[in-house]
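A short worksheet on the structure shown next.
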Amino acid sequence: MSTSPNDDTPRIRRANAIASQFCYTDDDIRRCSTEFLRELRLGLQQKRPSMCQIPTYLTRAATGHEKGLAIGVDLGGTNLRVCSVELHGDSTSTVLQSQARVPPELMVAKTSRELFSYIAKQIRDFLLDCHPSSIKAAQDDSSHSFFALGFAFSFPVYQSGFDIPDAVGQDVCKSLQGEIDLLCLPVKITALVNDAAGTIMSRAYALPPAHTRPSIGAIFGTGTNGVYLQNLSEITKPLDGDYDKTTGSMFINTEWGSFDNHLSVLPITPYDVELNEHSVNPQNQMFEKRVSGMFLGELLRLAILDLDSDESAKWFRASGVGCGFDSSTPLHRRWAVDSSILSVAELDNSESLLTLRNKIHLSLGIRKEYISEEDARAVKIIARAIGTRAARLAGMAIGSVIIQSQGFDQTSNGEVVEETTVDVAVDGSVVEHYPGFEQHMRGSLRALEKIGGERECRINIGHAKDGSGVGAGVIALLAAQQKATVLS
Ligand code: BGC
């Protein structure tokens, strides 16, 4: 954004002062990463650390040679996706899918049964539409074959309350399988999948054979999380299930949303404090509350309200009298502002900021005639600060797991050799739609001593479209194959 003489006004000065509270320097990034690595390692030793470090029992990335047909179901924060994935064995696949917005009342239903029954019905409708003969065969009882289903269950609110996440995960599968059986569908759940793991596998399958396989998967969407390839020798907590030990590594689900819940290194502004106090899970998912789409709009709303608390910097009074909002506007309602406004603010670089002004009208509920160019400039300054901090924290997390997974070190004939590239699969609305998110993440990667400028250039960050749904299908097939390996 170019500067103009109009930048030196009480409102813009106040916006800059608010924005400066979101500044997170390279030194902060380095301190944060040291603590992140400490928590990652602790999670490999203890059963209940702050970052769960959940074993996925997946020990290798897809090669692209896998074949078969499976179903992926992805229950995210907002949508339910059902898809079938046919892997052709040559990195290509045929994907059919349906998507529905989960009725909000089901997300807060007293019993999970209503939610699982809804999901089972969506699977039935999908099969009726896309694979009708399979339903018919099941009804005629003329076939005993069934679809393997991978269930991506990434429910931030419930997740933070889990005591033993993998045990609860099994309940989740049992509950859904029960509802599927009630409808007599030819479907067996073979894997419970985290969406970040799904992201890795869907990208791994689709990459050309000669390409480095992804060793990291990260989601920056409604929630945030990362999965990475960990050397087995460092996992000292018990691994209860069966798995293929021949690779010497396993993908670990960090659940990094709960990094630094005790706030020893994460940045803290008054807006972070207020957001946390009014959240459904205070003191939990503290990293996620600074990084993911579910929270960035609310942080912006709180910061804008603070701007208005300064008498000399009053907002949205373009006409000079009165103001453009009342207490019922989204600006005054908690959680009413979604994070897409941050992307619009970053994208609109016009002089008049007309697109952003329109978005302010739609998102904050302020009457158009009250939104001046200066108001929009102030929103842009604060939005950029919040988005930049989120992306820098995201880069810190990715860099730390690359360091922990020794991503650049590969053992060949007993010797450690430097790998040329590290591949990171990413998915989620924030990383996909927020302009410059990757560039800010890369700034953090360069700031980390063990990565630096030279290695940062050798980190591929690739988007895995619909990683969770398709990835869930790939994992359902891999799980079946892996089982065969273990048993043989
Ligand atoms: C959940 C993770 C999930 C992430 C991204 C977080 O809130 O705890 O399990 O992977 O959101 O969807």
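Looking at the stretch 106-120, can you tell me whether even one residue there is touching a strand residue (DSSP E or B) at 6+ places or on another chain (Cβ under 6 Å) and at negative phi?
No.
How many residues, within the stretch 461-488, are modelled with pLDDT under 65 and either buried (at least 20 other Cβ atoms within 10 Å of the Cβ) or not in a helix (DSSP H, G or I) (or both)?
1
Has the stretch 236-251 got at least one residue that is among the charged types (D, E, K, R) and within 16 Å of the ligand (Cβ to nearest atom)? Before you say what the answer is, go through the steps one by one.
Taking the stretch 236-251 first, the residues among the charged types (D, E, K, R) are 237, 240, 242, 244-245.
Filter once more, so that each one left must be within 16 Å of the ligand (Cβ to nearest atom): none.
The answer is no, given that none of the residues of the stretch 236-251 is among the charged types (D, E, K, R) and within 16 Å of the ligand (Cβ to nearest atom).
Condition first: at pLDDT 95 or above, more than 22 Å from residue 385 (Cα to Cα), surrounded by fewer than 24 Cβ atoms within 10 Å (Cβ to Cβ) and of a type in the set (Asp, Glu). Can you find one or more residues in the stretch 445-457 that meet it?
yes
In the stretch 363-386, how many residues are among the hydroxyl-bearing types (Ser, Thr, Tyr) and at pLDDT below 95?
The total comes to 2.
Which residue pairs have Cβ atoms closer than 8 Å, lie 6 or more positions apart in sequence or on different chains, and pair a first residue in the stretch 429-458 that is over 18 Å from residue 196 (Cβ atoms) with a second residue that is crowded, with 19+ Cβ neighbours inside 10 Å and aromatic (Phe, Trp, Tyr)?
Between residues of the stretch 429-458 that are over 18 Å from residue 196 (Cβ atoms) and residues that are crowded, with 19+ Cβ neighbours inside 10 Å and aromatic (Phe, Trp, Tyr), the close pairs are 455/408; 458/408.
Do any residues in the stretch 284-297 that are under 16 Å from residue 435 (Cβ atoms) have Cβ atoms under 9 Å from those of residues that are in a helix (DSSP H, G or I) and within 11 Å of the ligand (Cβ to nearest atom), where the two are at least six apart or on different chains, and which pairs are they?
293/429; 293/430; 296/430
Pairs only if they're at least six apart or on different chains, beta carbon under 6 angstrom, first in the stretch 328-343 and part of a loop (DSSP other than H, G, I, E, B), second surrounded by fewer than 18 Cβ atoms within 10 Å (Cβ to Cβ); list them, first residue then second.
334/278
Regarding residue 274, is this residue under 18 Å from residue 36 (Cβ atoms) and charged (D, E, K, R)? Break it down stepwise before answering.
Details: under 18 Å from residue 36 (Cβ atoms): no; charged (D, E, K, R): yes.
The answer is no for residue 274.
Hey, which of the helices (runs of 4 or more DSSP H) in the stretch 51-150, taking only ones fully inside, have at least 1 residues that are buried (at least 16 other Cβ atoms within 10 Å of the Cβ) and touching a residue at least 40 places away in the same chain (Cβ under 8 Å)?
Answer list for the stretch 51-150: 112-130, 132-140.
Counting just the residues of the stretch 258-292 that are within 16 Å of residue 384 (Cβ to Cβ) and within 16 Å of the ligand (Cβ to nearest atom), which one comes out farthest from the chain's Cα centre (by Cα)? Write out each step before concluding.
Here is the first cut: in the stretch 258-292, the residues within 16 Å of residue 384 (Cβ to Cβ) are 267, 269, 271, 290-291.
In the following step, the residues that additionally are within 16 Å of the ligand (Cβ to nearest atom) were identified as 290-291.
On the way: 290: 12, 291: 9 Å.
The extreme case among them is 290.
Being within 18 Å of residue 118 (Cβ to Cβ) and buried (at least 18 other Cβ atoms within 10 Å of the Cβ) is the filter here; which residues of the stretch 181-191 pass it?
So the first thing to find is which residues in the stretch 181-191 are within 18 Å of residue 118 (Cβ to Cβ), and the list is 181-185, 187, 189.
Matches in the stretch 181-191: 185, 187, 189.
Restrict the check to the stretch 194-215 and report whether at least one residue is at pLDDT 95 or above and closer than 26 Å to residue 31 by Cβ.
yes
Tally up the residues in the stretch 1-43 that are touching a Lys or Arg at 6+ places or on another chain (Cβ under 7 Å), at pLDDT 95 or above and in a loop (DSSP other than H, G, I, E, B), please.
Qualifying residue count for the region: 2.
Going residue by residue through the stretch 211-227, is there one that turns out to be at negative phi, exposed (fewer than 15 other Cβ atoms within 10 Å of the Cβ), more than 15 Å from the ligand (Cβ to nearest atom) and assigned to a loop (DSSP other than H, G, I, E, B)?
Taking every residue of the stretch 211-227 in turn, none turns out to be at negative phi, exposed (fewer than 15 other Cβ atoms within 10 Å of the Cβ), more than 15 Å from the ligand (Cβ to nearest atom) and assigned to a loop (DSSP other than H, G, I, E, B).
Can you confirm whether residue 423 is at pLDDT 85 or above, out of contact with any Leu (no Cβ under 9 Å at 6 or more places or on another chain) and under 30 Å from residue 86 (Cβ atoms)?
On the way: at pLDDT 85 or above: yes; out of contact with any Leu (no Cβ under 9 Å at 6 or more places or on another chain): no; under 30 Å from residue 86 (Cβ atoms): yes.
Criteria not met by residue 423.
Is there a residue in the stretch 151-159 that is assigned to a strand (DSSP E or B) and at pLDDT below 85?
Checked against the condition, which is being assigned to a strand (DSSP E or B) and at pLDDT below 85, the stretch 151-159 yields at least one hit.
The values are calculated or read from the model by the stated rules, or taken from the named source; none is laboratory data. Every value quoted in this text rests on a predicted model; they were computed, and no experiment measured them. In this analysis, Cβ positions are derived from the backbone assuming ideal geometry, glycine residues included, and neighbour counts consider all displayed protein chains.
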